[in-house]
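The values are calculated or read from the model by the stated rules, or taken from the named source; none is laboratory data. The structure displayed is predicted, hence computed values, not measured ones. A quick note on method: Cβ atoms are made from the backbone with ideal geometry, for glycine too, and the neighbour counts reach across all protein chains shown.
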Amino acid sequence: MNRLIFFVIVLFVSALAYGQGTSNRVITDPKLGIEVCLGFWEADSLEVSSLFASYFQMEKNYENGDKKKIKKLSKLLKNKEVVIVFGSWCSDSQREVPRMIALLRAAKFSFKKMKLIGVDRAKTAEEIDLTLYKIQYVPTLIVYENGKELGRIVEAPSSTLLDDLLIILSQK
């Protein structure tokens with residue numbers, strides 16, 4: 001019995017250690033020679049990371065302010081998934097990703113339904129197959145419903161993040 005408990009504990013700790021290696025990673029990009037966020041990230045971890053904290057601080061007061069539109073966005077985001085692919089080295093990502101996260105947070109979107117993926121300058125994330133997302137530029141925010149892409153915002157919104165997301169989510 002003690003061996004079984006020991007085995008389960010070792011298995012659990014190993015799983016945790018493995019998971020640590022695949023999320024919230026910082027590597028040195030071989031093309032840029034600087035540290036970059038790579039792979040899956042959690043929004044809260046990105047917000048306090050040494051590579052992104054200052055950008056979140058600059059955008060901390062970002063909001064679109066229109067409570068009615070944010071409430072509508074919240075309703076439209078029900079049963080949706082969001083993927084954000086970003087480059088911590090990219091000025092558009094440094095500006096837009098904190099805004100995207102702030103807007104999704106204001107709309108009470110569940111970050112459990114969001115994939116936040118950091119890429120290197122070659123727009124790869126090692127073990128993550130990004131071909132599915134057809135990324136050309138970063139950041140790219142993609143909205144899905146039942147596995148089907150509804151729309152995307154690439155680099156920067158045409159109008160505002162809020163208005164662009166409402167347009168994507170209101171299309172039938």
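Comparison of Ala53, Ala106, Ala17, Ala102 shows that the only residue that is modelled with pLDDT under 85 and of a type in the set (Gly, Ala, Ser) is Ala17. When the stretch 137-156 is examined, which residues are found to be more than 14 Å from Lys115 (Cα to Cα), in a loop (DSSP other than H, G, I, E, B) and either over 16 Å from the mean Cα position of the chain (by Cα) or among the hydrophobic types (A, V, I, L, M, F, W, C) (or both)? Val138, Asn146, Ala156 - these are the residues of the stretch 137-156 that are more than 14 Å from Lys115 (Cα to Cα), in a loop (DSSP other than H, G, I, E, B) and either over 16 Å from the mean Cα position of the chain (by Cα) or among the hydrophobic types (A, V, I, L, M, F, W, C) (or both). Residues in the stretch 51-100 that are in contact (Cβ under 8 Å) with a residue 60 or more places away in the chain, of a type in the set (Val, Ile, Thr) and closer than 25 Å to Val119 by Cα: Val82, Val83. Looking at Thr160, Thr131, which is the one that is surrounded by fewer than 17 Cβ atoms within 10 Å (Cβ to Cβ), over 27 Å from Glu35 (Cβ atoms) and among the β-branched types (Val, Ile, Thr)? Answer to the check: Thr160.
Please go through the stretch 98-112 and pick out each residue that is crowded, with 20+ Cβ neighbours inside 10 Å, more than 14 Å from Leu76 (Cα to Cα) and of a type outside the set (Gly, Ala, Ser). Correct list: Pro98, Arg99, Met100, Ile101.
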